[in-house]
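S.K.: Handing you this structure, nothing more for now.
The values are calculated or read from the model by the stated rules, or taken from the named source; none is laboratory data. This is a predicted model, so every value here is computed, not measured. No Cβ is skipped: glycine too gets one built from the backbone with ideal geometry, and neighbour counts run over all protein chains shown. Just the protein is used for accessible areas: all its heavy atoms, side chains included, with ligands, DNA and RNA removed. Shrake-Rupley method; radii C 1.70, N 1.55, O 1.52, S 1.80 Å.
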Amino acid sequence: MKLFIDTANLDHIREAASWGILDGCTTNPSLMAKEGRDFAETIAEICDIVQGPVSAEVVAQDTEGMLREARLVRQISEHVVVKLPMSWAGIAACRVLSDEDTRTNVTLVFSVNQAILAAKAGATYVSPFIGRIDDQGNDGMGVLSDIITTFNNYYFETEVLAASIRHQSHVLDAVRLGSHVATMPYTVMKKMIQHPLTDKGNEGFLRDWATVPGDGIEATVNEFLSRRDKAAS
Ligand code: G3P
């Protein structure tokens, strides 16, 4: 199970990377626009920080244009994964790029049929948009589940990347279904650690620790080690 962060915000990416659990990053044109920075510089910096797959989306709408953009964007870093929109032009571009050993992420996927097309075109990742399916009053997790079952049935190598995740229970559901990857906003990733019993437990430990004799772990252990070294010499 891989955890990706869904943002182009360098501060958030840096913080998530510092936790040591970040496997990759996904961006899209809207996330890029939010940061108001140069596209290529931003992708390069994200790749430097993440040192793992970073999805950078092309914006051309025709296959040739997508290929031109993709062949440039992939030169930014070995970590770049070319993100392509779900369309016949995107599928055709995906096939060409897969044959060139360029990693791809087919995005804006809302149905099993679309996911099958991406897998057949050799996509590295396929991104079903769970939250946006839910927004329509439909069952995002149901679509994710059907995609995973289909891919397993046919031994497709394409990885399922659960996207448009809005809250922690989306992450949990994606994990339960066996999604290869979940990409999520910084806020959702940060909240994954929260549990009231953890906070309560830690408060209790610290309260009790205050009654343990000595001047804290560092002083106590240092004193113990020097006593032991002296006795051994
Ligand atoms: O990266 C694409 C996807 O995760 C977008 O999510 O919240 O805009 O539906 P959202």
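S.K.: If I go through the range 180-225 residue by residue, how many of them are of a type in the set (A, V, I, L, M, F, W, C), under 30 Å from ILE5 (Cα atoms) and open to solvent by 100 Å² or more (accessible area, probe 1.4 Å)?
M.R.: Of the residues in the range 180-225, 2 are of a type in the set (A, V, I, L, M, F, W, C), under 30 Å from ILE5 (Cα atoms) and open to solvent by 100 Å² or more (accessible area, probe 1.4 Å).
S.K.: Just to be sure I understand the filter: pairs with C-beta atoms under 9 Å, separated by 6 or more residues or on different chains, first member in the range 129-158 and at negative phi and basic (Lys, Arg), second member modelled with pLDDT of 95 or more and open to solvent by 70 Å² or more (accessible area, probe 1.4 Å). Which pairs pass?
M.R.: Close Cβ pairs (under 9 Å, with a partner that is modelled with pLDDT of 95 or more and open to solvent by 70 Å² or more (accessible area, probe 1.4 Å)) amount to ARG132/PHE110.
S.K.: Within the range 3-26, how many residues turn out to be of a type in the set (Ser, Thr, Tyr), surrounded by 13 or more Cβ atoms within 10 Å (Cβ to Cβ) and out of contact with any helix residue (DSSP H, G or I) (no Cβ under 7 Å at 6 or more places or on another chain)?
M.R.: Total satisfying the criteria: 1.
S.K.: Going by what's in this entry, would ARG166 be described as open to solvent by 100 Å² or more (accessible area, probe 1.4 Å) and within 16 Å of the ligand (Cβ to nearest atom)?
M.R.: Judged against the criteria, ARG166 is a match.
S.K.: Assuming GLY131 fulfils every condition listed in (1) in contact with a Gly (Cβ under 6 Å, 6 or more places away or on another chain); (2) within 10 Å of the ligand (Cβ to nearest atom) apart from one, which condition is it?
M.R.: Just one mismatch for GLY131, condition (1).
S.K.: Inside the range 178-190, can you point out the residues that are of a type outside the set (Ser, Thr, Tyr), within 15 Å of the ligand (Cβ to nearest atom) and part of a helix (DSSP H, G or I)?
M.R.: Selection gives VAL188, MET189.
S.K.: Looking only at the range 1-29, count how many residues are within 16 Å of the ligand (Cβ to nearest atom) and either part of a strand (DSSP E or B) or without any contact (Cβ under 8 Å) to a residue 24 or more places away in the chain (or both).
M.R.: The number of residues fulfilling the criteria is 8.
S.K.: If you don't mind, there's one more thing I want to ask. Hey, could you check the range 106-132 for residues that are within 19 Å of the chain's Cα centre (by Cα) and β-branched (Val, Ile, Thr) and say which is surrounded by the fewest Cβ atoms within 10 Å (Cβ to Cβ)?
M.R.: Among those that are within 19 Å of the chain's Cα centre (by Cα) and β-branched (Val, Ile, Thr), it is THR124.
S.K.: Looking only at the range 44-57, filter to residues that are within 20 Å of ALA123 (Cα to Cα) and touching a Gly at 6+ places or on another chain (Cβ under 8 Å); which one of those is surrounded by the fewest Cβ atoms within 10 Å (Cβ to Cβ)?
M.R.: Among them, the one singled out is GLY52.
S.K.: Here is a follow-up. Considering the range 30-43 alone, what residues qualify as being open to solvent by 60 Å² or more (accessible area, probe 1.4 Å) and either within 16 Å of the ligand (Cβ to nearest atom) or assigned to a helix (DSSP H, G or I) (or both)?
M.R.: Across the range 30-43, the qualifying residues are SER30, ALA33, LYS34, PHE39, GLU41.
S.K.: Which condition does LEU84 not pass, out of (1) surrounded by 21 or more Cβ atoms within 10 Å (Cβ to Cβ); (2) out of contact with any Gly (no Cβ under 6 Å at 6 or more places or on another chain), if it passes all the others?
M.R.: For LEU84, the failing item is (2).
S.K.: Need at least 3 residues that are within 16 Å of the ligand (Cβ to nearest atom) per element, so show me which helices (runs of 4 or more DSSP H) inside the range 47-121 make the cut, counting only ones lying wholly within it.
M.R.: Because the criterion is at least 3 residues that are within 16 Å of the ligand (Cβ to nearest atom), the helices (runs of 4 or more DSSP H) in the range 47-121 that meet it are 112-120.
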